[in-house]
Every structure is written in C-alpha cells, then in structure tokens.
C-alpha cells in the first residue's frame, strides 16, 4: 500500500471508530482527559501498525485490543482505581424535576452495581449494551469464544438484576 492508501484507510477507520473507542476508554478510566489521551494513543499505535506494513484483517478488533491493553497499562501505573468520577460526571440535571432525579438515582444504582462486578463481566456488559456489539464481536475483541461471552453476559445481567431486586 502506498502512503495515500494508508492515510485513507486510517482516516476511514478513525471516522468510523473514534467515538466508540473514546466511550470504551471513558467507561474504563476515571476522567475525560485520560480517556482522550488513551484514545489518541490507540490511534497512534494503529497508525504505526499501518505504516509498519501490518496487514490488518479486523480494524475494530485491533483497536479494541490496543485500547484494552492501554487501559490495563494505565491501571498498572496508577494504583488508585476509581470509577466514581465516571458515574459522578455522567449526568447533569437540566432541571430538578422528580423524573430526572429518580432516573439519576436509578442509573447511579445500576452503575454502582456494575462497578462491583469483576472486570471481565463489566467489560462484556459495556461492550454489549453501551457499544452495541454482539457476543461474536466481543469474542473477537477479547480473544474468547462467543459462547463464553454469552454466558458471562447472562451471568452478569443476573447478578445486576438480583442486586437491584434486593435493593429495591
């Protein structure tokens, strides 16, 4: 591939997946700026792969693999692990009506329950219900089988539902 083709491929992939990768990173780390930095690093590494001549068969899988590894590295470098900033900054009230307050409380409760799940379960739920990926797509990203992902999602949903009913 010549430089123009590499550039065109990169720009097309960036346009298609940048928001998804940012959202994935934002749900994993404790701040918007960190998520932006990680997203930028994901695409820098993707660019390096393309420039290095690597044949990329599945752009999305490679991007999510890079993002997952960067998030893991970020947590290893940073001992303090906090998802509170994500849930605290996730919702702003336009007004203080009862419906918004109730919705915020319900979402906060679900986020707190999800935060307590193990990392693989939390990641599977995020990829499935926030990013909209199928179990097969998640399996490609994580390197597991689609069946294992489906089982993990179902068990995680059951845990969330059970906790909601015990709190409710």
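Listing for the model above:
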{"quantity": "Hits in the stretch 148-168 - residues which are touching a helix residue (DSSP H, G or I) at 6+ places or on another chain (Cβ under 8 Å) and free of Cβ contacts under 8 Å to residues at least 24 places away in the same chain", "calculated": "148, 150"}
{"quantity": "Residue match in the stretch 14-26 (condition: at pLDDT below 95, within 14 Å of the chain's Cα centre (by Cα) and more than 16 Å from residue 132 (Cβ to Cβ))", "calculated": "yes"}
{"quantity": "Counted residues, the stretch 27-46 - those being under 14 Å from the mean Cα position of the chain (by Cα) and either over 27 Å from residue 6 (Cα atoms) or surrounded by fewer than 18 Cβ atoms within 10 Å (Cβ to Cβ) (or both)", "calculated": "8"}
{"quantity": "Subset of the stretch 111-142 (residues that are surrounded by fewer than 14 Cβ atoms within 10 Å (Cβ to Cβ) and in a helix (DSSP H, G or I))", "calculated": "115, 119, 129, 130, 136"}
{"quantity": "Qualifying residue in the stretch 85-99 (condition: modelled with pLDDT of 75 or more and either in a helix (DSSP H, G or I) or out of contact with any strand residue (DSSP E or B) (no Cβ under 7 Å at 6 or more places or on another chain) (or both))", "calculated": "no"}
{"quantity": "Subset of the stretch 143-168 [outside any helix (DSSP H, G or I) and farther than 30 Å from residue 62 by Cα]", "calculated": "168"}
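The values are calculated or read from the model by the stated rules, or taken from the named source; none is laboratory data. The structure displayed is predicted, hence computed values, not measured ones. Cβ: placed from backbone, ideal geometry, glycine included. Neighbour counts: every protein chain shown.
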